[in-house]
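Each remark here refers to the structure printed beneath this line.
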2 protein chains.
Amino acid sequence: MTSIEHLNPIKAPKEIVYQALISQEGLGKVWTPKLSVRPEVGAINEFDFDEGYITKMKVLELSENERVLWECVDSDEEWIGTKISFELIEKDGITDVVLKHYDWRELTDFYRFCNYHWAMFLKRLKDYCEGK
Amino acid sequence: MTSIEHLNPIKAPKEIVYQALISQEGLGKVWTPKLSVRPEVGAINEFDFDEGYITKMKVLELSENERVLWECVDSDEEWIGTKISFELIEKDGITDVVLKHYDWRELTDFYRFCNYHWAMFLKRLKDYCEGK
C-alpha cells in the first residue's frame, strides 16, 4: 500500500478551509463544477470530470474544522477503495492543510499523474480560501 | 525509504524539456533565478532559495533528451543523500515528464511540503516549455 501526501499552508482560518472542503460551492470552485455534495456523514458525494464515469466519495468523517475523510466507492478502478483525508491545523492565522490519499495498491503512472493533480487541487483551494 | 513521484504531460518535444532541465536559463526560470548550473556529469549545480543555505546537486547522469539524475550533496538535512531523476517519454508531440525524488528516510511534514512544491516546479516547467 502506498499513499499520496501533501502539505500546503493557506493564509485563512481553518473554518474557511473546512467550509470549502465540505460544501457544494467550495468543491465546485476547487474541483469540478459538475458535482453533488452533502455535508453529512454517510452521504455519497458525486464528482463528474467528463471522463465518462462519475467519481463517488462516501463521507466517513466530518470533524468540524479539523478533519474530513472520504472513501472512494466509484471512479477509476485504481481509486476504488482508497481513502482521502484532509486535516486542518491552524497556527497564527495560517492553516496547514495535510492531504492524504492512501491505500493505493500500487505506485503506477496514474498515481504519479494524480499526485501532480492533487497539488493543483490544493493550489486552487489556497487561491479560493485566500480570495484570489 | 520513501519517494515523491509525479507525472506531468507537457505539449513540447522532449529536446525542449531536456534543455530546460539542464540549462542555467531553463532552471533559472523554473526553479530559482539564483543558481549556478553546468550541463556536465560530475558538476555540482547550486541553487539559492533565500533559505540561508545553498542546495547543491551533483549531476550523476545526463542521458540526452531521456533522463537527468542528480544527487543532493547539500541542502536541508532531510534532502542530503536523496536523489532526483527526470525521465522524458515523448509520444505524439507530448512529453511525459516523470519526476522521482527518492531515498527519503522518512515521510515527514517537510516531505509533504516538498511534494506539493515539486508539482509547482512541474507546473512552471510545463508553462515554460509550452511558451506560456
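Using a cut-off of 30 Å between Cα atoms, the listed pairs A:Lys123/B:Lys56; A:Lys11/B:Lys83; A:Lys58/B:Lys14; A:Lys83/B:Lys91 include A:Lys11/B:Lys83; A:Lys58/B:Lys14; A:Lys83/B:Lys91 as exceeding that distance. Mean per-residue shielding of peptide A:97-104 is 1, counting Cβ atoms of other chains within 10 Å of each Cβ. Residues whose amide H lies under 5 Å from that of A:Thr82, counting only those 5 or more places away or on a different chain, are A:Cys72; hydrogens are built 1.01 Å from N in the peptide plane.
When only alpha carbons are used to place a centre, the stretch B:7-26 and the stretch B:95-131 end up 14 Å from one another. Taking the C-alpha atoms only, the angle from helix A:109-129 to the longest principal axis of chain A is near 30 degrees. When chain A is turned onto chain B, its residue with the beta carbon nearest the axis, and that distance in whole angstrom, is A:Ala119, 2. In sequence order, the stretch A:69-76 has phi-based couplings of 10, 10, 10, 7, 9, 7, 3, 3 Hz under the Karplus curve 6.51 cos²θ - 1.76 cosθ + 1.60, θ = phi - 60°, and Gly or Pro positions carry x.
In Å², rounded to the nearest 100, what is the total accessible surface buried by chains A and B against each other with a 1.4 Å probe?
Numbers: alone 6920 and 6950 Å², together 12220 Å².
Roughly 1700 Å².
Given their separation in residues at 0.36 nm each and the Cα-Cα distance between them, B:Glu46 and B:Phe113 gain 22.0 nm when the chain is fully extended.
All other residues whose Cβ lies under 13 angstrom from that of B:Glu5 are scored, Lys and Arg at +1 and Asp and Glu at -1, for a net of -3. A convex hull fitted to the Cα coordinates of chain A yields 95 cubic angstrom per residue.
Per residue of the protein assembly as shown, the DSSP helices (runs of n ≥ 4 H) give a summed -39500 (n - 2.57) that works out to -9000 deg cm²/dmol at 222 nm. In the stretch B:2-129, a dipole from Cβ-located charges (positive for Lys and Arg, negative for Asp and Glu) runs towards its positive end, and of B:Cys114, B:Tyr102, B:Gly26 it is B:Gly26 whose Cα lies farthest in that direction. Database remark: amide H of A:Ile10 closer than 5 angstrom to the amide H of A:Thr95, A:Asp96, A:Val97 (H placed geometrically; neighbours at sequence offset of 5 or more, or on other chains; Pro and chain starts carry no H). Plainly put, the tip 7 Å out from Cα toward Cβ on B:Glu106 is 3.2 nm from that tip on each other copy, the closest given first. Each other copy places its own label point for A:Lys29 at 3.2 nm from this one, sorted shortest first, where the point lies 7 Å along the Cα-to-beta carbon line.
When B:Lys91 is represented by a point 7 angstrom out along its Cα-to-C-beta vector, the spacings to that point in the other copies are 4.4 nm, nearest first.
Run the reach check for B:Lys100 against aspartates and glutamates, Cα to Cα strictly under 16 Å, same-chain hits fewer than 8 apart removed. What comes back? The qualifying aspartates and glutamates are A:Glu5, A:Glu106, A:Asp109, B:Glu5, B:Glu61, B:Glu66, B:Glu71, B:Glu78, B:Glu87. Working from label points 7 Å from Cα in the Cα-to-Cβ sense, the B:Glu66 to A:Glu25 distance is 5.4 nm.
The values are calculated or read from the model by the stated rules, or taken from the named source; none is laboratory data. It should be emphasised that the depicted structure is a prediction, and the values quoted were computed from it without experimental measurement. Every residue, glycine among them, receives a Cβ derived from its backbone with ideal geometry; neighbour counts consider all protein chains shown. Accessible surface areas use protein heavy atoms only, side chains included; no ligands, DNA or RNA. Shrake-Rupley method; radii C 1.70, N 1.55, O 1.52, S 1.80 Å.
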